[in-house]
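Shown next, in structure tokens, is the structure this report addresses.
The values are calculated or read from the model by the stated rules, or taken from the named source; none is laboratory data. Values in this document were obtained by computation on a predicted structure and should not be read as measured data. Neighbour counts are summed over all protein chains in view; Cβ atoms, including those assigned to glycine, are modelled from backbone coordinates with ideal geometry.
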């Protein structure tokens, strides 16, 4: 299969690319589209045969559910039920954050194929605010299932060229809108009715932070729930090993954890590149990639995060060593991805 990439950088190209994407999606094909977070591999979410092509192209296991992107936030009732006990807080949250990088897990409607939700009774839903994705979804006028446009478990793509490197020959079309804005996948939450405030369970940290969610309830990271409250996989991106480069990656919680082995080549993923942090001088690094030089700005680091991992993965080193980031705001999301990327895979 030939994979074509269409630009969207001027009005006529934008129109032609959107029309071509809509034709492909209407015919049951898959198309890589930019979102504000990462590039997604889109298919008609209500067409099980089309969704199956997403799983095949990504080599994604059928037990890992997909996010459904709405043409418009008012279309939530197309795919999901809204429990009465959370309806008010859900309305406030969607009014604030949709369209945007927030995914909400809700009871699904029967129209959503079981393949999309991995057979579970819930569906993960969001509305993208990216101009290209939005125009395609609204022109098609159907919800789109769109996980990240990469091979399963590997680094999420933040550019059309990264999609091409991952899926060339596996999909027919990529729409190129340049680099994505946030560089990290959406925050995923589940809302639970509670007194005096609703509980907002953060299943996957992302651009919408716990502080952003505080006005609407009590944010709780899923990993901080009591053991008896831990549930089975219910949202995308929850597998222990995920977001990983092909090169082995190790996350250090402190500099003392690392002793270089003779003869091995190492690359360092550094937060701010400051020797005072204790990591820069641990080894004769083959390469150092700094996410946010100097003061260390988490939004800047987030935008560069997956790009930096992808670049380090090209170097042919024996191991990538990652510094920890502050576990606040966007740092929560990056540390979540690093922990999953550093899990050893069989």
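So which strands (runs of 3 or more DSSP E) are wholly in the range 239-346 and hold at least 1 residues that are without any contact (Cβ under 8 Å) to a residue 24 or more places away in the chain, surrounded by fewer than 21 Cβ atoms within 10 Å (Cβ to Cβ) and out of contact with any helix residue (DSSP H, G or I) (no Cβ under 6 Å at 6 or more places or on another chain)?
Per the criteria, 287-290.
For the range 78-90, which residues satisfy the criterion of being touching a residue at least 24 places away in the same chain (Cβ under 8 Å), in a helix (DSSP H, G or I) and more than 23 Å from residue 148 (Cα to Cα)?
Hits for the range 78-90 are 85, 86, 89, 90.
Could you check the range 91-112 and list, in sequence order, the residues that are in contact (Cβ under 8 Å) with a residue 12 or more places away in the chain and either farther than 18 Å from residue 206 by Cα or part of a loop (DSSP other than H, G, I, E, B) (or both)?
92, 98, 99, 100, 101, 106, 107, 108, 109, 111, 112
Residues in the range 108-122 that are more than 13 Å from residue 143 (Cα to Cα) and surrounded by fewer than 12 Cβ atoms within 10 Å (Cβ to Cβ): how many?
3
Looking at (1) modelled with pLDDT of 95 or more; (2) more than 18 Å from the chain's Cα centre (by Cα), can you tell me which one residue 37 breaks?
Failed condition: (2).
Select, from 9, 19, 49, the only residue that is over 22 Å from the mean Cα position of the chain (by Cα) and within 19 Å of residue 164 (Cα to Cα).
The unique qualifying residue is 9.
Would you confirm, using the coordinates I've provided, whether residue 157 is free of Cβ contacts under 8 Å to residues at least 12 places away in the same chain and either surrounded by fewer than 18 Cβ atoms within 10 Å (Cβ to Cβ) or under 14 Å from the mean Cα position of the chain (by Cα) (or both)?
Spelling it out, it is not the case that residue 157 is free of Cβ contacts under 8 Å to residues at least 12 places away in the same chain and either surrounded by fewer than 18 Cβ atoms within 10 Å (Cβ to Cβ) or under 14 Å from the mean Cα position of the chain (by Cα) (or both).
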